[in-house]
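Asker: Quick one: the structure is below, questions incoming.
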Amino acid sequence: MTKKPTDVDVSTVWWLGTDGPEHYDFAKLYGNENPVELDLGCGKGLFLFNQSRLRPEVNFIGIDWSKQFSRLGASRIVRHNIPNVRIVAADAWNLFARFPDCCFQAIHVYFPDPWWKKRHRKRRIVRAELIEHVRRLLKPDGTLFIATDVEEYFGVMLEVLGASPYLIRLPDPTPSEGANELDYLTHFERKYRKVGKPIFRAAYALNPSPTHPSESQVSLSTTDK
């Protein structure tokens, strides 16, 4: 009889932020020195599930404030015996300081909540304060990836990230073909692409010469290629 997701023991791959280590040692956490990528707002973990199997030589850690959704994602990781994923149910802003400098080869932010109400904007994950954490946590050759289905919010994110002299915009990431139910970044992407809704994507690298950021800027595009 197949276990329900809530019946699966996920304690080896999932925990609450308050129960995690005070300072993360990824080599100890995964038992190897493989590069690590961070998924901010991992939701039900489709990105983690897909990428961990496609790239077993990379370790992944996801963070999501929803205990329910993140635990569902963790149960699938456990049921498929995937060794290179860890998931934390927490507010990401409370975890950044626990991660070591230059520890991620990529940071992924997919379909974040736009939080349109003015009083809620402080809850947005992509805001000016995020850039300082990205600067510290990304490796020098690391990449920040973002995606959303909300064009107006995409413009807000581009404005925030583009205003920083520490980031350089790269060519837009190429979307997957959507060949099957799992061939999407997230459940949100699958839902919206199936009804023909455009997805807006961008990628950024750290600027090695932050006093002259404009020289390497790529012209902006807001189309789903």
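Asker: When residues of the stretch 134-158 are filtered for being β-branched (Val, Ile, Thr) and surrounded by 21 or more Cβ atoms within 10 Å (Cβ to Cβ), how many remain?
Answerer: Number satisfying all stated conditions: 3.
Asker: Kindly list, by first and then second residue, each pair from a residue in the stretch 144-172 that is farther than 21 Å from Phe47 by Cβ to a residue that is at pLDDT 95 or above, limited to pairs with Cβ atoms under 6 Å and residues at least 6 apart or on different chains.
Answerer: Ser164/Ile131; Tyr166/Arg135; Leu167/Leu161; Leu167/Tyr204; Ile168/Ala205; Arg169/Tyr204
Asker: Which of the residues spanning the stretch 1-14 are farther than 13 Å from Ile77 by Cβ and either modelled with pLDDT of 95 or more or basic (Lys, Arg) (or both)?
Answerer: Lys3, Lys4
Asker: Which condition number does Ser66 fail, the rest of (1) within 22 Å of Lys191 (Cβ to Cβ); (2) surrounded by 16 or more Cβ atoms within 10 Å (Cβ to Cβ) being met?
Answerer: Of everything listed in (1) within 22 Å of Lys191 (Cβ to Cβ); (2) surrounded by 16 or more Cβ atoms within 10 Å (Cβ to Cβ), Ser66 misses just condition (2).
Asker: Could you pull out every one of the helices (runs of 4 or more DSSP H) wholly within the stretch 30-146 that has 3 or more residues that are among the polar types (S, T, N, Q)?
Answerer: Filter on the stretch 30-146 gives 46-54, 67-79.
Asker: Among the residues of the stretch 72-85, which ones are out of contact with any Lys or Arg (no Cβ under 9 Å at 6 or more places or on another chain), surrounded by fewer than 23 Cβ atoms within 10 Å (Cβ to Cβ) and touching a residue at least 60 places away in the same chain (Cβ under 8 Å)?
Answerer: Of everything in the stretch 72-85, just one residue is out of contact with any Lys or Arg (no Cβ under 9 Å at 6 or more places or on another chain), surrounded by fewer than 23 Cβ atoms within 10 Å (Cβ to Cβ) and touching a residue at least 60 places away in the same chain (Cβ under 8 Å), namely Val78.
Asker: Of everything in the stretch 159-168, what is among the hydrophobic types (A, V, I, L, M, F, W, C) and surrounded by 15 or more Cβ atoms within 10 Å (Cβ to Cβ)? Give them in sequence order.
Answerer: Residues satisfying the conditions are Val160, Leu161, Leu167, Ile168.
The values are calculated or read from the model by the stated rules, or taken from the named source; none is laboratory data. These figures come from a predicted structure and were not determined experimentally. Please note: Cβ atoms are built from the backbone with ideal geometry, for glycine as well, and neighbour counts cover all protein chains shown.
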